[in-house]
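Let me begin by presenting the structure, written as structure tokens, before commenting on it.
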Amino acid sequence: MNFIRLLQGDAQPEVDLKRTYDAVVIGSGAAGGMAAHVLTSRGMKVLMLEAGKKLDINKELKSTEWPYEHPRRGEMPPGHHALTLNEYTIRQPPYAADSKFPKVYSYVQGWSGPDYSKNIVVDEKAHPYTGTNYAWVRARCLGGKTNIWGRLALRWSDYDFKAKSHDGYGEDWPISYKDIAPYYDRVDQYLGISGVKENLPYLPDSLFQRPTRLAAAEVTLRNSLKKMNRVLTPYRAGVTTDGLKHNKYRSRCFGRGACNRRTGGCDIHAAFDSPTGLIYPAMDTGNLTLRTNSIAREILVDRKTGKARGVAFVDSESGRPYEAHAKVVVVAASTLESARLLLLSKSAAHPNGIGNSSDHVGHNFCEHVMGPGVTGLVKERIGQPKTIDDGRPGGFYVPRFRNISDKNPNFIRAYGFEGSAGSQMFPGNANDTPGFGAGYKKTVRDYSGAFISMGGFGEVLARYENQVLLDPAVKDKWGIPVLRFNYKFGENEKKMCEDMAVAAQEMFELAGFEILNVDRAVLTEGWSIHELGTARMGTDKKTSVLNQFQQSHDVKNLFVVDGSSHVNASCQNPTWTIMALAWRSCDYLATELSKGNL
Ligand SMILES: Cc1cc2nc3c(=O)[nH]c(=O)nc-3n(C[C@H](O)[C@H](O)[C@H](O)COP(=O)(O)OP(=O)(O)OC[C@H]3O[C@@H](n4cnc5c(N)ncnc54)[C@H](O)[C@@H]3O)c2cc1C
Ligand code: SF4
């Protein structure tokens, strides 16, 4: 398949739905892309069904466009509205139901330059949900959320996989770090990751390419944190900084200054995205057939064997129903959509939803809590020459430091911080600086590189009662029942957030930064966009949905290879772990299929 044609999002050829594929993969994000890569490289014939469109992503992102080249400086057209924090908290979902705006998006469209991502994220009017407050960010297009993700690519450790052994809460995973480590290595080498080795047992190192440079204030903070026995490491970015000889669709990072401008998005594809990183190379094997605009609505079951026999889906454009058939069904629609699909797939053999004999599908839903953080002024940087600090995929990461060898009296588990400092293309302080004329401009310039800020990401405990289920009445634009949330942060998260704010302030003070602001408020559930755990793995069929290879306990030719399989949320970002696990499981799947065991 021709590279240029693929990137231009041309019409897809008709897909043969009469044949039985070796596997059908549902979803094309990090998990689905990885499944397609691994299975096709093992010689399997794979059909990928993706609910969204294949966009001409380079036309959408345009990351070399300057603000003055855009008619509204990157803003969305009138009538396009991003939900605000107040709307998420004061109102109840479905948030867009009575909106006066023709188009309503999740909060990420309130970030800078939202015009570039408005076709990537979903219109909330077409995709409602109900229940408790939740800021659900979804991307329905080829590649899913990987088109706009923040790229912080972290490994998890046995502090996560064996967390119960550490503090007694929840369940241990059926795997440990040594089982997944070889697959992290493969993901690092196949997709590229930049960073610096730190030798931390709770944040294992990757096989890094060249790191990005820390800004001056970040170096000050790194040095100061050493006194507290804490670490600041350059952003571990799922970005190739040295290039990838084996992938013609991607380029090494140019550090062009646009990275910080909007919700992710890199149109030279230095930052990992599933289409250029995984799907186009998989198509080049000749083993992958892609059908976009295909919304899976039910996993079909063979009445005689109880096994999965394929997928019923709806064409999102025509509304027509279709069926696709395969020897194995691989679900990778993202944590919440995968749970929805399993619950929608009710049959005589699986009256509770497919793979749900344990009644754990939708439960143990977990993620990261956000909100607390700190902003400081670095006085030595005032009036200093400007540096290009936004020409890099991220700033810094401060890994967890609580509940490692100590035991915090107020909460279990941990949090880490993401942050950045330095000069940016648009000096954010211009909006808040008082005055006018030459004096105003000088103050803005003098102060523009002198700020530093960071915000926490904390583990939300997996609790059975935190759940998504099908709403009995509300349906989406295609008539498919939507999810109802029954999900709240608990006391552990609240106590952890109190500590986050105090610790953040303390670290900045010790570094000598003037504290400008300390955020203490907890953001709405969902804000982290790291939803996990709705079909967890385990050894006990009564309390888990999948085995250690993300294979359904109930239906042996059904695999769920995204974050829904996670047993807990860690405090580290999940995508690298999602892909390493999917690689491991799909390797196993291919071997089992070849032995006739599925
Ligand atoms: C702004 C932003 C910043 C982020 N930053 C980070 C970060 O720094 N680090 C990190 O680790 N993670 C980050 N994430 C999260 C990361 O993007 C996700 O963890 C990752 O994309 C999950 O992969 P996935 O394949 O499970 O889901 P997705 O990438 O969402 O892909 C799922 C795909 O399935 C499709 N689909 C859904 N339902 C159906 C259906 N019924 N039928 C067919 N197809 C379906 C969707 O259209 C979508 O394309 C961020 C996300 C966003 C939006
Ligand atoms: S800085 Fe690197 S990763 Fe970011 S948009 Fe530019 S090339 Fe892509």
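The values are calculated or read from the model by the stated rules, or taken from the named source; none is laboratory data. Everything quoted here is computed from the prediction, not taken from an experiment. Here the Cβ is made from the backbone with ideal geometry for all residues, glycine too, and neighbour counts use every protein chain on show. Please note that ligands, DNA and RNA were not included when accessible areas were found on the heavy atoms of the full protein model with its side chains. Shrake-Rupley method; radii C 1.70, N 1.55, O 1.52, S 1.80 Å.
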Next on the checklist: Explain nothing, just compute: Karplus ³J(HN,Hα) = 6.51 cos²θ - 1.76 cosθ + 1.60, θ = phi - 60°, for every residue of segment 351-358 in order, whole Hz, x for Gly and Pro.
Outcome noted: x, 9, x, 5, x, 10, 5, 7
Checklist entry - What is the distance, in nm, between label points placed 7 Å from the Cα along the Cα-to-Cβ direction at Ile515 and at Lys494? => result 2.2 nm
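Can you tell me the relative contact order of the chain? Whole percent, Cα pairs under 8 Å, sequence separation 6 or more. Mind dumping the intermediate values first?
On the way: 1474 pairs, mean separation 121.5, N = 598.
Contact order relative to length: 20 percent.
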Checklist entry - How many angstrom lie between the C-alpha centres of segment 461-476 and segment 81-128? => result 20 Å
Next on the checklist: Give me a comma-separated list of calculated 3J(HN,Hα) values for segment 572-582, in order, Karplus coefficients 6.51, -1.76, 1.60 applied at θ = phi - 60°, integers in Hz, x for any Gly or Pro.
Outcome noted: 9, 4, x, 5, 5, 6, 4, 6, 5, 5, 4
Checklist outcome for this item: Rounded to the nearest 10, the angle in degrees between the Cα long axis of helix 30-41 and the longest principal axis of the Cα atoms of the chain comes to 50 degrees
Checklist outcome for this item: With every protein chain in place, the accessible area of Arg297 for a 1.4 Å probe, in Å² rounded to the nearest 10, comes to 80 Å²
Item to check | Set of aspartates and glutamates with alpha-carbon distance to Lys488 below 18 Å, sequence-local pairs under 8 removed | outcome: Glu87, Glu367, Glu459, Glu465, Asp471, Glu498, Glu525, Glu531
Checklist outcome for this item: From DSSP H assignment alone, runs of 4+ in the chain each adding -39500 (n - 2.57), the sum over residues rounded to the nearest 500 puts [θ] at 222 nm at -6500 deg cm²/dmol
Item to check | Under 5 Å, built H, 5+ apart or other chain: amide partners of Asp267 | outcome: Ser63
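In Å², what does the accessible area per residue of the chain work out to with a 1.4 Å probe?
Details: 22890 Å² over 598 residues.
On a per-residue basis, 38 Å².
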Item to check | 5 angstrom amide H check on Leu516, placed H, neighbours 5+ away | outcome: Thr375, Gly376, Leu377
Checklist entry - Which pairs break 18 Å Cα to Cα here: Lys45/Lys245; Lys45/Lys248; Lys125/Lys477? => result Lys45/Lys245; Lys45/Lys248
Checklist entry - If one computes the Cα centroid of segment 211-283 and of segment 147-176, what distance in Å separates the two points? => result 22 Å
Checklist outcome for this item: In the chain the accessible area split gives carbon plus sulfur, as whole percent at 1.4 Å, a share of 51 percent
Item to check | Cα-projected label distance for Lys197 with Ser318, points at 7 Å along beta-carbon direction, nm | outcome: 5.6 nm
Next on the checklist: Suppose R0 equals 25 Å. What FRET efficiency, 1/(1 + (r/R0)^6) with r the Cβ-Cβ distance, do Lys162 and Ser41 give to the nearest 0.05?
Outcome noted: 0.20
Checklist entry - For segment 337-344, in order, what is each residue's ³J(HN,Hα) by Karplus, 6.51 cos²θ - 1.76 cosθ + 1.60 with θ = phi - 60°, in whole Hz (x at glycine and Pro)? => result 5, 5, 4, 4, 5, 4, 5, 6
Checklist outcome for this item: Relative contact order of segment 521-597 (C-alpha contacts under 8 Å, at least 6 apart) in percent is 26 percent
Next on the checklist: Helix 216-226 against the longest principal axis of the chain: what's the angle in degrees, Cα atoms only, rounded to the nearest 10?
Outcome noted: 80 degrees
